[in-house]
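**Q** Structure incoming, see below.
Read the figures in this text as sums done on the coordinates, not as results from a lab. Given the structure is predicted, the values throughout are model-derived calculations rather than measurements. Here the Cβ positions follow ideal geometry from the backbone for every residue, glycine too, while neighbour counts run over all protein chains shown.
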Amino acid sequence: MPPIVTTRRPSGPSGLTVRFILTAAAIYAAVGGITWALVRFFPAHEVAAEAMFPPVFWGTTAFLFAGSYSLQRSVWMVQREKQGPFRRSLIAAMVLGTLFVTVQSYGLYSLVRHQKPNEVQTGANAFLTLFAALHAMHFTLALLCLVWVTLSALADRYDHEYFWGVKLCALFWHALGIVWLVILMAFLMATS
């Protein structure tokens, strides 16, 4: 009887996992550093009586929808087995997502600084800040998913037959874009 041969799985994290952790840490370090610079060089408005819509949210909206297009383009490209444009679209979406989180963080800082101390729990700004912050937390998760998908794409893990991770990431991003439109409408109603 021939001996039974078993293969041992390597213990410890895989190379993709290590790259994911390092890339995500680098992206969020850049987000923190750029947000700090924005806060330092462009201080937030002082407390006022009315609800406030930070104008930088228009820029974040542009980043969100440009990133959504880039992600959808990546789905189209991987389905056609165009690996170069597929990877470039993912990288573009990752850059746009990073810019979204950075500028959104500055906008949230502006909203928090705009709060009246005696209306922190009941004012319109508190309501809008809460929804914008919840959206930002979900978008942080979407950006982490995008980092994983991008690194997986760079490791040749997707092709025209296997691309569900890319499609799921794109659907998550599109859903967050729709939620952001609802939040923008709430901002516009509260500030008009």
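**Q** Give the peptides 15-21, 174-180 in descending order of average Cβ contacts within 10 Å, highest first. Could the numbers behind the result be given before it?
**A** Values: 15-21: 13.3, 174-180: 16.7.
Descending mean neighbour count gives 174-180, 15-21.
**Q** Can you sort S14, S89 so the residue with the fewest Cβ neighbours within 10 Å comes first?
**A** The order, fewest Cβ neighbours first, is S14, S89.
**Q** Now for a different question. Got a sec? Charge dipole of segment 56-191, +1 on Cβ for Lys and Arg, -1 for Asp and Glu; which of G59, F163, L146 is way out at the positive end?
**A** So the residue we want is G59.
**Q** Next question, about the same structure. Between W164 and T23, what length comes free when the chain is fully extended (0.36 nm per residue of separation minus the Cα-Cα distance, one decimal in nm)?
**A** Full-extension gain reported as 48.6 nm.
**Q** So what is the relative contact order of segment 56-191, in percent, for Cα pairs below 8 Å that sit 6 or more residues apart? Please report the intermediate quantities before stating the final value.
**A** Working: 126 pairs, mean separation 45.3, N = 136.
Reported as a whole number, the value is 33 percent.
**Q** Let me ask you something else. Between W36 and V95, how high is the FRET efficiency from 1/(1 + (r/R0)^6) when r is the Cβ-Cβ distance and R₀ = 22 Å? Nearest 0.05.
**A** The calculated FRET efficiency here is 0.70.
**Q** How many nm separate the modelled label positions at E81 and F131, each set 7 Å beyond the Cα in the direction of the Cβ?
**A** 4.6 nm
**Q** I would also like to ask the following. Between R113 and L171, take the C-beta separation as r, use R0 = 41 Å, and let me know the FRET efficiency to the nearest 0.05. Display every interim value, and only then the final one.
**A** Working: r = 35 Å, r/R0 = 0.84.
The value I calculate is 0.75.
**Q** If you don't mind, another one. In what order do E81, E161 fall by count of nearby beta-carbon atoms within 10 Å, going from fewest to most?
**A** If I rank by nearby Cβ atoms, fewest first, I get E161, E81.
**Q** Let me ask something else about it. Can you give the Kirkwood hydrodynamic radius of segment 56-191 from its Cα pairs, in Å with one decimal?
**A** Values: mean 1/r = 0.0640 Å⁻¹.
The Cα-based Kirkwood calculation yields 15.6 Å.
**Q** Show me 139-146, 93-100, 32-39 ranked by packing, highest mean number of other Cβ atoms within 10 Å first.
**A** 93-100, 139-146, 32-39
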